[in-house]
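Nothing in this text is a laboratory measurement; each read-out follows from the coordinates by a stated rule. Quantities reported herein were computed from a predicted structural model and do not represent experimental measurements. Don't worry about glycine lacking a Cβ; one is built from the backbone with ideal geometry, like all the others, and counts go over all protein chains shown.
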Amino acid sequence: MKSDKIDIRVRYAETDQMGVVHHGNYALYLEVARIEWLRKLGVSYKKMEETGVGLPVVSLSVKYKKPIKYDDVITVKTTLKNEPTVKVEFEYEILNDLQQILSTAHVVLVFVDLKTNRPARPPKYFLDALAK
């Protein structure tokens, strides 16, 4: 399994009136981490779309264990759960600077042919990048 980590500093606009990260922003953190995971793998999401392959989220679940607050620096660990088929699954851990788990998440995405809007197999270059 392939994993990667990215650090993100929480901005004021991402928090609610209590100074805690609004739950809707967790999906954004996961997406930022996933795009960086792909980039480090050598796969450009932009190029994937330009070649007619989309990767929409079909399932997202987050478990909130401890609050994330304004100006915290969090680490988002992204792990490929299994070999991709038509779908690809990722597990996430969001940690604080003490390496305590603040939340965990699971995201399922599906490869889609953007011309037909139908599920498709992963592109060969994606599978080749994973095999390296």
For this session: Would you confirm whether any residue within segment 72-82 is farther than 20 Å from residue 123 by Cα, of a type in the set (S, T, N, Q) and within 13 Å of the chain's Cα centre (by Cα)?
Result: yes
For this session: Go through segment 9-43 residue by residue and tally those that are of a type in the set (A, V, I, L, M, F, W, C), closer than 21 Å to residue 65 by Cβ and within 13 Å of the chain's Cα centre (by Cα).
Result: 5
Exercise. In segment 67-77, is there at least one residue being touching a Ser or Thr at 6+ places or on another chain (Cβ under 6 Å), over 19 Å from residue 3 (Cα atoms) and among the charged types (D, E, K, R)?
Worked result: no
Seminar exercise, completed: residue 94 fails exactly one of (1) surrounded by fewer than 16 Cβ atoms within 10 Å (Cβ to Cβ); (2) in contact (Cβ under 8 Å) with a residue 40 or more places away in the chain; (3) aliphatic (A, V, I, L, M), namely (1)
Problem set entry | Number of the condition not met by residue 129 [criteria: (1) in contact with a Leu (Cβ under 6 Å, 6 or more places away or on another chain); (2) under 14 Å from residue 26 (Cβ atoms)] | (2)
Exercise. Is there a residue in segment 111-123 that is farther than 25 Å from residue 46 by Cα and either hydrophobic (A, V, I, L, M, F, W, C) or buried (at least 16 other Cβ atoms within 10 Å of the Cβ) (or both)?
Worked result: no
Exercise. Right, residue 49: more than 12 Å from the chain's Cα centre (by Cα) and surrounded by fewer than 16 Cβ atoms within 10 Å (Cβ to Cβ) or not?
Worked result: yes
